[in-house]
Amino acid sequence: MDMKLVANTIRGLSMDGVQAANSGHPGMPMGMADVAAVLWGQYLKHNPENPNWADRDRFILSCGHGSMLIYSLLNLAGYDLPMEELKSFRQWGSKTAGHPEFGHTIGVETTTGPLGQGCANAVGMAIAEKMLQVRYNTDVQKIVDHYTYVLASEGEFEEGISHEIFSLAGNHGLGKLVVFYDQNFISIEGDTHITYTDDVAKRMDAYDWHVQEIDGHNTAEISAAIEAAQAETEKPSVIICNTKIGFGSPNKEGSHDCHGAPLGEEEVVATKKNLGISEEKFFVPQEVRDAFAVRLGELKKAEAEWNTTFDAWSAANADLSKAWKAAMNGDLPDLDGKMPEFEAGSSLATRSSSGKVINALAKEIPYLVGGSADLAPSNNTYMAGLGDIGKDVWEGRNFHFGVRELGMGGIMNGVQLHGGFRIFGGTFLVFADYVRPTARMAALMGIPVIYVFTHDSFCVGEDGPTHQPIETIAGLRMIHNMTVLRPADANEVVESWKAALENKSGPTALCLTRQNLPTLDRSVFPAAELVKKGAYTLWQSGEGTPDLLMIATGSEVEITLAAAQKLGEEGKNVRVISMPSRELFEKQSEEYKESVLPDACDQRMSVEAGTSFGWERYVGRKGVMISKDDFGASAPYKVLLEKFGFTTENVYEKAKALLT
């Protein structure tokens, strides 16, 4: 395969796509075309006719703004991405969005756009590969043996997430992770040296990475660097590629002018002449088509050989094969009778009951893995007796992410995208703001990661307002396709975990208390399995349509119920609704929603130890919201409950005022 011709073909397609859209980033694809050509033309293990081959190499274009690079590669390699899609770059209904999107474009492993997140996903994928190896490979057959390759720009290395995840990758010795660093010293505002003068080689060496530096336009150096990276098994590899942004452009090469704007029709023609390729738009030489056809044949043969190995492995290892299929499909066992039982009247923080549930689930779901951002003892996320995950220790089930919430979220996405595991990650709810950018990407991609957010209100107490998440739950609820659950007692925790596991189309956030809550007697109150409906009538003092609806979540259900029962003793017909999840409730039928929140009752109140934002949709114009719309304070949590009005007496008084 003529790598220079392939690289120039990629440059031509990238220029043409951006020019046709009159929008996009041609400079990076033109600069990294040589690296991409060598990697895809000689080394990347994949099968365009089976993009989901389990043992394929993962390729991540972390600098997603250069998306015409991956679209060009997918087209040339033989994926189902016809040239018409490249011609429709960034247009309505096309498969070639401005930034690559997982699930939207075949062959795209993860959604990249926010710089650095693709790198974090890649670290998660490389970890997943290591973990699968020790679980399923045998001395006779290796069914898991692949690399994770990343193309990253200087922007990725500037973003804070890169420091978190590259540090952890070095610590964990991810020898099959290879990052190509596009060092062209150009950003949107100009030369990167105005803000960024890091010695990247020294930085990555300090992280304990294998470091190489090459001419990113020299195909022989690129090839040698890839082989050296593959030979290094103890450390992740970074290949610093010195390139020219907009390579080949007579007037814009090396300039920020070609970073985020089309070259212009005249400059495109001039560049093609300079590169010695056809001026025809979206032109692919037959020689390039033929070369990739040969390569496709080699790749199909490689998968066929793997299939033969897999079949032999499966026949010889029935139990492993069964476990593999369950893990890859995300099959859930019947959990009835296998979850912990909580005695009515017992007092337990929901973070503690969650910990008991996690350990019960771990016994039933072997592919469930998880951890915490250095808060496992507080989050109750540790799976007892199941070992840790770290350098040379991949059999375990417990991650130690370190104080790296943002990195944790990106790694979780990567592990989940890779396949073979279901992952959860924990931290304090207030630090969900650090996780949020990765949580949004999980929601966008529709991947079922689970967040365990504890210390879910100002009842954190003495740590004060810096650690009291007043507005955080509302922020999570605003993320489309994010399911948020705030259980009221240990039984609701059990059902919340079931709902989280059954949600396979997006992320779930479990918001749990630090303080103890009473366990409701489910022989008296409705079964907690109604959590799956998002909201349900917990108690009503009378029959028919109530005079007042009292909606509460989490720890506030207790005081709301007590206040309602007091009103009931006075002859008032009031209904208490436990609403652990707005998102699940909104998915129910109109009939069910009406049965819980009847339109005929417009006297309503909400009780939640957080911001009032969002509760308007449920309490209406005449409603009352007992909430906290400023920041917290440092004091014992029982003092804060009284000072902030989260007492049975205050709820009772506010409700009584509504009824008069």
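Here, each number is a calculation from the coordinates, and none is a lab measurement. Remember, it's a predicted structure, so these values are computed and weren't measured experimentally. As a convention, Cβ positions derive from the backbone with ideal geometry for all residues, glycine included, and neighbour counts pool all protein chains shown.
The distance linking the range 295-317 with the range 1-73 is 26 Å (Cα centroid to Cα centroid, whole angstrom). To the nearest ten degrees, helix 648-658 and the longest principal axis of the Cα atoms of the chain are 80 degrees apart. Using a cut-off of 24 Å between Cα atoms, the listed pairs K45/K363; K130/K322; K628/K656; K622/K656 include K45/K363 as exceeding that distance. For the chain, the longest principal axis of the Cα atoms and the long axis of helix 490-502 meet at an angle of about 30 degrees. By the helix-only formula, in which each DSSP H run with n ≥ 4 contributes -39500 (n - 2.57) and the sum is divided by residues, the chain has a 222 nm mean residue ellipticity of -12500 deg cm²/dmol. Is the C-alpha gyration tensor of the range 533-658 telling us rounded, prolate or oblate? Criteria: a/c under 1.5 is rounded; beyond that, a/b larger than b/c is prolate, otherwise oblate. It comes out oblate by the Cα gyration axes. In degrees, nearest 10, range 0 to 90: what is the angle between the Cα axis of helix 405-418 and the longest Cα principal axis of the chain? On a 0 to 90 degree scale, this one is about 70.
With Cα atoms defining each centre, the range 482-535 and the range 557-571 are spaced 22 Å apart in the structure. Evaluated at q = 0.08 Å⁻¹, the base-10 log of the normalised Debye intensity for the range 3-299, with identical point scatterers placed on the Cα atoms, takes the values -0.31. Under conditions of 37 °C and 0.692 mPa s, the chain yields 123 µm² s⁻¹ as its translational diffusion coefficient, taking Rh as the Kirkwood radius over Cα pairs in the Stokes-Einstein equation. Each 10 Å bin from zero up to the one holding the largest Cα-Cα distance in the range 1-71 carries the following percent of pairs: 21, 45, 30, 4. Counting only residues at least eight positions apart within a chain, or on another chain, the lysines with an alpha carbon under 27 Å from that of K252 are K4, K87, K244, K272, K273, K281. Taking label positions 7 Å along the Cα-Cβ direction at both A633 and E266, the computed distance is 7.0 nm, reported to one decimal. In whole angstrom, how far apart do the alpha carbon centroids of the range 174-211 and the range 381-425 sit? Centre-to-centre distance over Cα atoms comes out at 26 Å. Listed from fewest to most Cβ neighbours within 10 Å, the set R422, R289, R621 follows the order R621, R289, R422.
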